[in-house]
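The values are calculated or read from the model by the stated rules, or taken from the named source; none is laboratory data. Predicted, not measured: the structure shown is a model, and the values here were computed from it. For neighbour counting, all protein chains shown are included, and Cβ atoms are generated from backbone atoms with ideal geometry for every residue, glycine included.
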Ligand SMILES: [Fe+2]
């Protein structure tokens with residue numbers, strides 16, 4: 001089996017087991033509830049039968065007198081009428097035995113129910129001391145009435161009912177509809193799980209790719225990479241404040257993380273130069289957004305981010321580079337990155353100058369041709385940055401490096 005089919009196959013298999021398990025549990029639950037209902041119905045039916053037989057034949061002075069006279073033959077002849085009136089009763093007879101205290105007592109004798117009655121006069125004042133009536137009922141007949149398909153007599157493995165008959169539910173009864181329902185549920189749940197798995201895997205691969213790029217970037221441009229991580233988290237914070245959500249926010253974050261990756265293509269001595277850049281060096285520096293955009297374009301998953309990084313040095317008044325766009329033509333995400341890029345450069349550590357305080361940085365930002373709406377959101381919310389909790393998908397997030 002191909003490796004990439006292994007996980008989905010395992011998911012389908014486990015889902016099928018889970019669905020079958022749930023189905024079985026439901027069957028057990030239903031069987032348990034059904035048993036209680038069956039037991040109550042069975043007891044009522046037996047009580048009804050026994051009570052009717054008792055009141056009709058054994059709380060009867062004529063029967064009582066015959067028994068007291070020792071004329072069991074005639075008493076039994078009367079009792080023989082019972083199976084004719086009560087179809088569930090298989091036999092009825094009068095025998096010599098000590099009577100129960102109650103009107104009747106029900107007991108199980110294998111698959112038969114044996115009901116023993118006291119024999120009394122009409123007023124139930126007197127009880128025959130040495131004789132009882134016994135009727136036999138076949139429990140299977142009762143079950144057929146109360147539960148035609150669900151339960152069967154099972155004297156060895158069944159559950160004991162109130163009157164001692166053991167019954168079990170036919171759990172193995174799985175209909176075609178049950179199987180169809182199980183297959184449909186398995187397909188539904190398994191496809192949902194597989195979708196989730198594929199999405200997670202894709203995201204994992206995406207982020208793994210991204211991690212590798214960042215790693216390479218860090219090896220060559222240590223300063224730029226840590227600056228980019230700061231810019232990315234700050235852009236994320238600001239993006240959220242500006243109402244970006246979901247994919248847009250994630251795109252902003254990744255674009256911010258990679259906005260300066262094009263610096264790989266600019267000579268290190270120019271990047272790290274402490275003094276003033278000459279015009280040639282400045283031209284080289286101005287190429288980095290173009291190189292960043294070109295790099296991102298070559299990755300299918302980051303292609304859509306290339307315009308964002310391409311324009312992160314554009315300015316509202318058209319004084320930026322590489323194309324000199326004005327405010328309305330610059331993507332919002334590029335504007336956000338532009339603001340936090342400048343801000344981080346001012347307050348972050350640099351080899352050629354000391355960082356300035358955030359308040360001084362705000363004053364500088366206010367005078368720059370940046371989108372002042374974004375600058376204001378940054379200034380207004382900056383105090384919340386310390387308590388900002390980045391989303392779970394943020395890569396290698398290290399606590400905010402800037403002092404707030
Ligand atoms: Fe840049």
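Can you find even one residue in the range 150-165 that is at pLDDT below 75 and either at positive phi or surrounded by 12 or more Cβ atoms within 10 Å (Cβ to Cβ) (or both)? Yes, the conditions are met somewhere in the range 150-165.
Just to be sure, is residue 126 within 16 Å of residue 79 (Cα to Cα), modelled with pLDDT of 85 or more and surrounded by fewer than 19 Cβ atoms within 10 Å (Cβ to Cβ)? Step through it out loud before you land on a result.
Values: within 16 Å of residue 79 (Cα to Cα): no; modelled with pLDDT of 85 or more: yes; surrounded by fewer than 19 Cβ atoms within 10 Å (Cβ to Cβ): yes.
So residue 126 does not fit the description; no.
For the range 69-87, the set of residues classified as assigned to a helix (DSSP H, G or I) and either outside the structural domain of residue 127 (by TED's automatic domain parsing) or surrounded by 11 or more Cβ atoms within 10 Å (Cβ to Cβ) (or both) consists of 72, 74, 75, 76, 77, 78, 79, 81, 82, 83, 85, listed by residue number.
For the structure I just gave you, tell me whether residue 291 is modelled with pLDDT under 95 and either in contact with a strand residue (DSSP E or B) (Cβ under 6 Å, 6 or more places away or on another chain) or crowded, with 17+ Cβ neighbours inside 10 Å (or both). Break it down into steps so the answer makes sense when it comes.
On the way: modelled with pLDDT under 95: yes; either in contact with a strand residue (DSSP E or B) (Cβ under 6 Å, 6 or more places away or on another chain) or crowded, with 17+ Cβ neighbours inside 10 Å (or both): yes.
Yes, satisfied.
When the range 253-265 is filtered for residues that are within 15 Å of the ligand (Cβ to nearest atom) and buried (at least 19 other Cβ atoms within 10 Å of the Cβ), the ones remaining, listed by number, are 255, 256, 257, 258, 259, 260, 261, 262, 263, 264. Out of all the residues in the range 297-304, is one or more in contact with a helix residue (DSSP H, G or I) (Cβ under 7 Å, 6 or more places away or on another chain), closer than 22 Å to residue 254 by Cα, in contact (Cβ under 8 Å) with a residue 24 or more places away in the chain and within 14 Å of the ligand (Cβ to nearest atom)? Within the range 297-304, none of the residues are in contact with a helix residue (DSSP H, G or I) (Cβ under 7 Å, 6 or more places away or on another chain), closer than 22 Å to residue 254 by Cα, in contact (Cβ under 8 Å) with a residue 24 or more places away in the chain and within 14 Å of the ligand (Cβ to nearest atom).
Could you list, in sequence order, all residues of the range 323-334 that are more than 12 Å from the ligand (Cβ to nearest atom) and buried (at least 21 other Cβ atoms within 10 Å of the Cβ)?
Residues of the range 323-334 that are more than 12 Å from the ligand (Cβ to nearest atom), as a first pass: 323-333.
330, 333, listed by residue number.
Report yes if some residue within the range 359-382 is modelled with pLDDT under 90 and surrounded by 16 or more Cβ atoms within 10 Å (Cβ to Cβ); otherwise report no.
From the range 359-382, those modelled with pLDDT under 90 are none; that's our starting set.
No - not one qualifying residue is present in the range 359-382.
Could you tell me whether any residue of the range 309-322 is surrounded by fewer than 15 Cβ atoms within 10 Å (Cβ to Cβ) and touching a strand residue (DSSP E or B) at 6+ places or on another chain (Cβ under 7 Å)?
So the first thing to find is which residues in the range 309-322 are surrounded by fewer than 15 Cβ atoms within 10 Å (Cβ to Cβ), and the list is 317-319.
If we keep only those that are touching a strand residue (DSSP E or B) at 6+ places or on another chain (Cβ under 7 Å) as well, we get 317-318.
Among the residues of the range 309-322, at least one is surrounded by fewer than 15 Cβ atoms within 10 Å (Cβ to Cβ) and touching a strand residue (DSSP E or B) at 6+ places or on another chain (Cβ under 7 Å), which makes the answer yes.
When the range 295-308 is filtered for residues that are modelled with pLDDT under 90 and either buried (at least 16 other Cβ atoms within 10 Å of the Cβ) or under 17 Å from residue 231 (Cβ atoms) (or both), the ones remaining, listed by number, are 295, 296, 297, 302.
With respect to the numbered conditions (1) within 16 Å of the ligand (Cβ to nearest atom); (2) at pLDDT 90 or above; (3) touching a helix residue (DSSP H, G or I) at 6+ places or on another chain (Cβ under 7 Å); (4) under 26 Å from residue 349 (Cα atoms), which one is the sole condition not fulfilled by residue 237? Of everything listed in (1) within 16 Å of the ligand (Cβ to nearest atom); (2) at pLDDT 90 or above; (3) touching a helix residue (DSSP H, G or I) at 6+ places or on another chain (Cβ under 7 Å); (4) under 26 Å from residue 349 (Cα atoms), residue 237 misses just condition (1).
The residues on offer are 224, 228, and the sole one that is crowded, with 20+ Cβ neighbours inside 10 Å, modelled with pLDDT under 80 and within 28 Å of residue 386 (Cβ to Cβ) is 224. Residues in the range 273-286 that are under 15 Å from residue 313 (Cβ atoms) and more than 11 Å from the ligand (Cβ to nearest atom): 277, 282, 283, 284.
Tell me the residue from 50, 16 that is crowded, with 16+ Cβ neighbours inside 10 Å, out of contact with any helix residue (DSSP H, G or I) (no Cβ under 9 Å at 6 or more places or on another chain) and either assigned to a helix (DSSP H, G or I) or modelled with pLDDT of 80 or more (or both), please. Show your work before the answer.
Numbers: 16 fails: out of contact with any helix residue (DSSP H, G or I) (no Cβ under 9 Å at 6 or more places or on another chain).
When all the criteria are applied, what remains is 50.
Every residue, every condition in (1) outside any helix (DSSP H, G or I); (2) within 14 Å of the ligand (Cβ to nearest atom); (3) closer than 20 Å to residue 250 by Cβ; (4) more than 44 Å from the chain's Cα centre (by Cα), yes or no:
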| site | (1), (2), (3), (4) |
| --- | --- |
| 307 | no, no, yes, no |
| 319 | yes, no, no, yes |
| 336 | no, yes, yes, no |
| 342 | no, yes, no, yes |
